[in-house]
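Enquirer: Quick one: this structure, given as structure tokens, is what I'll be asking you about.
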Amino acid sequence: MKYGYFDDKNREYVITNPKTPVKWINYAGTLAFGGIVDHTGGALICRGDPALNRITKYIPQIPSSEFKGETVYLRFKQGQGYRVFSPFFVPTLAPYDLYECHVGLGYTRIVSQFCGIRTEVTIFVPLGGSQEIRDIRITNVSDRSLEIDAIPLVEYTHPDALKQLTNADWVPQTMQGKVYRDQDGLAILTQYAFMNKDTQVNYFTSNQPVSSFESDRRQFLGDNEYGTWAHPLSLERDELSNYQALRGDNIGALLHRVGVIRPGETVRLITQLGQAESVAQAMPSIQGYRDPAEVGRALEELPAFWDRYLSVLQVETPDAAMNSLVNVHNPRQCYITPNWSRYLSLYQLGYGARGIGFRDSSQDVMGALAGAPQEAMTLLRKLLQVHKRNGCAMHQFNPLTMEANEGDSSEVEGAPKYYSDDHLWIALAVTAYLKETGDLVFLDEAIPHYEKDGGGRPLESGTVLDHLRRAIKFTWRDAGAHGLALLGFSDWNDTVNLGAGAESLFTANLFGKALLEMIELTQHLGDEESLARYTEYYETMKQRGNEHGWDSEWYVRYFDADGTPLGSSANTHGQIYANGQSWPVISGFAQPERATAALEAVRQRLNTCNGIKLSTPGYDGFDPIKGGITTYPPGAKENGGIFLHANPWVIIAETMLGNGDRAYEYYRQINPVAKNDRIDEYECEPYVFPQNILGDEHPQFGLARNSWLTGTASWAYQAATHFILGLRPMYEGLLIDPCIPSRWDGFKATRQFRGAVYQIEVVNPHHICKGVTSVKVDGQEIAGNKVPVFGDGKTHHVEITMGKMGL
Ligand code: GLC
């Protein structure tokens, strides 16, 4: 069954059946103000920290048919009573003649038709704004005049999101609603937690006269809440009660007598849900967005913003699904992930604890820095501020308070209190930023380390370059019995916690990749001494990895503290891990025959039609030594599931060996766009990558979960653009080194890079995967395949001919 289609022209996905297997969402606004909007009009909106300043009550675990956060009811007189429905389908579930949810860039537009009334609701947060706007257009498409009432409604939560769920006396005792009657019958409903009333007031208002309102859920539903969201009893009466709640479950409902709409006529109602210090303070912006022209302007700024962001790279390949993903959906997700980290989605519920993950954001930022370099740098600065003096990093932090913690490691007594990979990712992220922007000055910027004195002042600062050096030094020194990197609490795979003394081949390889970056950087800076040192570290770790890490057909993944390998043919479960194979190729540690064998083992043992499994066979039953991974049934999440984040690493590794056909096949099989026809099995949104898909050991093979906030976004984008299409920013220019399917005749790309536009055309006359024989820039042949930096604001034509020397 299909639930919708891609509208590439308008850069939207259009959902045409509201009964999707799980809610499908979009993001509105940013962490500063915004949240998620689901395809049935529900919204989880926060300002700043979703744990401490949440505005709407959105509980994903309650059934999809229920109302969550925000909705709108429409009604008209029928007989003695009213016919009531929601143009969002939920919560009234009335039969509809048309339902479309347009998932757009920064907005969601729900278009529906019920009982001769067509409604178009555009939901968005203006760029930089602190209000969610709903622009509601109601058109009478029947052949008779209809008298319509519109009742937009929001349900509030206590700002402390967890408190809302843990205390059912204190919370309602503190929650209050109040009305401000404005000129011309307009009204502003405010809502606040009593303790915050002088600092944070939520407001809900509209641009049409309000004939009555409700601020209490119990009154609205009626009959001691035996009335339901599907049939609120108060909507059977002509007016709402105008009750100002001094306690209770707060809502805001505004009844508008929109009046008689003649056939063909449209009326427009605009609501705003925002937060401010006071109504007085919010008044100018409230007045502003009551003006439909102003709302129109704010809405127009969204495509302008996304145009700028997306225009950094636009491609035209023979694969429409890849074009759609690379040009719109993947970069959009790449913008969302560094902003929201793992804070707030339908799956990551933002009740506290996690905040921004150091490793997560360091990787996320790499997917967004070409289009949003300024924001990327701001995030890099923050990350470096939680980098410790000894070179490892705090695992996660709250970006508003900059308080950091050691993640789950702090909860396990006796466990190492650092993650062996965290600090290495930042070396990859910073160098990626430098290669993209050429902004080498950033390296000299002083940024404090995390540790502070009693007065909260940082104990030490270092330049960005110094931070990177310390990160490298930490891992160099933190070696175990085989001389390989110690695992710490865990490496990238959170769920394998083997205790002190265990070693990680993954971290050893990530260290290798970070060293490659440092080698390139120090070479570029002409720092011979560092270059020699990093080269020595690199060669040493490479030698150790190959001496101890090779199993017989593939690389092992870990050594336990007592030297037992994991990810070895000697194990019954968890014999082979995907990251154990892709990373020795990415680091360049694997010699050619081993690289080929390791990736062949991935293909034979880990590949499925839905993606590559993280490991196999899955552990079957809890094992306290291995920890978290064994809490999942075989085939789920890290335990033999298709943990998607790791798939692009295999794709990248394949391109490094020149296997363009395989790289592309692996890319295609995880492209969510291509899942559109198999949604009943897959279930999640086909316009974003999910974190995980159940593997083939699980009866629900192919089922996706945890969409949106995943490192898959950044790495799939890098795999597609840097490695398959091969457009790789380097210090001295843009390297063009495609590794494409042999059947492709070529592709085109427009890439903005350091102040110039590169109009690239790649032709593949001999139908090979990799190899460039000729590069012409503006008609002139150049040596090599690195196109220089122009920075002249002009467009340059780059013609690439693929071929092997001698062909
Ligand atoms: C989750 C975590 C990430 C970790 C991954 C694999 O996605 O956010 O930090 O690397 O799981 O365990």
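Bear in mind that the values in this text are calculations on the coordinates, not laboratory data. Quantities reported herein were computed from a predicted structural model and do not represent experimental measurements. Neighbour counts are summed over all protein chains in view; Cβ atoms, including those assigned to glycine, are modelled from backbone coordinates with ideal geometry.
Enquirer: As I understand it, the value is the acute angle between the Cα axis of helix 422-437 and the longest principal axis of the Cα atoms of the chain; what does it come to in degrees, rounded to 10?
Expert: Around 90 degrees separate the two axes.
Enquirer: Strictly over 27 Å apart at the Cα level, which of 19/748; 748/794; 417/452; 382/473; 382/435 would you flag in this model? Before the final figure, lay out the partial values.
Expert: Values: 19/748 38 Å; 748/794 18 Å; 417/452 18 Å; 382/473 21 Å; 382/435 20 Å.
Checking Cα-Cα distances, 19/748 exceed 27 Å.
Enquirer: Which of the lysines could a cross-linker bridge to residue 613, judged by Cα under 24 Å and excluding same-chain residues fewer than eight apart?
Expert: Counting by Cα, and skipping residues close in sequence, residue 613 has these lysines nearby: 513, 626, 637, 675.
Enquirer: Related question: State the extension gain, in nm to one decimal, for the chain segment bounded by residue 560 and residue 183, taking 0.36 nm per residue of separation less the distance between their alpha-carbons.
Expert: 128.5 nm
Enquirer: What distance in nm lies between label points placed 7 Å from Cα along the C-beta direction at residue 778 and residue 83?
Expert: 6.7
Enquirer: Applying 1/(1 + (r/R0)^6) with R0 = 41 Å to the Cβ-Cβ distance of residue 795 and residue 553, what FRET efficiency is obtained, to the nearest 0.05? Please list the in-between numbers first.
Expert: Values: r = 50 Å, r/R0 = 1.21.
That pair, residue 795 with residue 553, gives E of 0.25.
Enquirer: Can I ask one more? Each residue of region 372-385 in order: what ³J(HN,Hα) in whole Hz does its phi give by Karplus 6.51 cos²θ - 1.76 cosθ + 1.60, θ = phi - 60°, with x for Gly and Pro?
Expert: So the J values, rounded to whole Hz, are 9, x, 5, 5, 4, 5, 4, 5, 4, 4, 5, 4, 5, 6.
Enquirer: Which residues among region 503-541 fall inside the zone where the amide N is under 12 Å from a point 7 Å beyond the Cα of residue 731, along Cα→Cβ?
Expert: From region 503-541, the list is 517-532.
Enquirer: Also: Residue separation times 0.36 nm, minus the C-alpha to C-alpha distance between residue 403 and residue 308: what's the value? All intermediate terms of the calculation are to be shown ahead of the outcome.
Expert: Working: separation 95, 0.36 × 95 = 34.20 nm, distance 3.31 nm.
That pair, residue 403 and residue 308, stretches by 30.9 nm at full extension.
Enquirer: How far apart, in nanometres, would the label points at residue 604 and residue 61 be if each is projected 7 angstrom from Cα along the Cα-to-Cβ direction?
Expert: 4.5
Enquirer: Considering only DSSP states other than H, G, I, E and B, which chymotrypsin sites (Phe, Trp or Tyr not before Pro) in region 750-807 qualify as loop sites with at most 11 other Cβ atoms within 10 Å?
Expert: Qualifying residues, ordered by number: none.
Enquirer: Let me ask something else about it. For labels at residue 570 and residue 2 in the simple 7 Å Cα→Cβ model, what's the distance in nm?
Expert: In this crude spin-label approximation the distance works out to 5.4 nm.
Enquirer: Rounded to the nearest 5, what % of DSSP beta bridges with both residues in the chain are antiparallel?
Expert: Taking every DSSP beta bridge within the chain, about 95 percent pair in antiparallel fashion.
Enquirer: A follow-up question, please. How about region 776-806: which trypsin sites (Lys or Arg not before Pro) there lie in a loop by DSSP and see at most 13 other Cβ atoms within 10 Å?
Expert: 794, 804
Enquirer: Under the rule a/c < 1.5 gives rounded, and otherwise a/b versus b/c splits prolate from oblate, where does region 425-540 land using the Cα gyration tensor? List each step's numbers first, then the result.
Expert: Numbers: a/c = 1.91, a/b = 1.19, b/c = 1.61.
In terms of gyration-tensor shape, oblate.
Enquirer: If you don't mind, there's one more thing I want to ask. Along region 286-293, what does the Karplus equation 6.51 cos²θ - 1.76 cosθ + 1.60 (θ = phi - 60°) give for ³J(HN,Hα), rounded to whole Hz, x for Gly and Pro?
Expert: Working through the residues one at a time gives 4, 4, x, 7, 7, 8, x, 5 Hz.
Enquirer: On a 0 to 90 degree scale, rounded to 10, what angle separates helix 647-656 from the longest Cα axis of the chain?
Expert: With rounding to tens, the tilt is 40 degrees.
Enquirer: Can you compute the label reach from residue 620? Point 7 Å from Cα along the Cβ direction, backbone N cut-off under 19 Å, restricted to region 541-575.
Expert: Hits in region 541-575 for residue 620 at 19 Å: 567-575.
Enquirer: So what J values fall out for region 170-181 if you push phi through Karplus, 6.51 cos²θ - 1.76 cosθ + 1.60 with θ = phi - 60°, rounded to Hz, Gly and Pro as x?
Expert: 4, 4, x, 5, 9, 8, 9, x, 8, 10, 10, 7
Enquirer: Given H placed 1.01 Å from N in the peptide plane, which residues other than close sequence neighbours of residue 261 have an amide H under 5 Å from its amide H?
Expert: 146, 147, 148
Enquirer: Then there's this: What does the extension gain come out to for residue 532 and residue 593, with contour length at 0.36 nm per residue minus their alpha carbon separation?
Expert: Numbers: separation 61, 0.36 × 61 = 21.96 nm, distance 2.72 nm.
Working it through step by step, the gained length comes to 19.2 nm.
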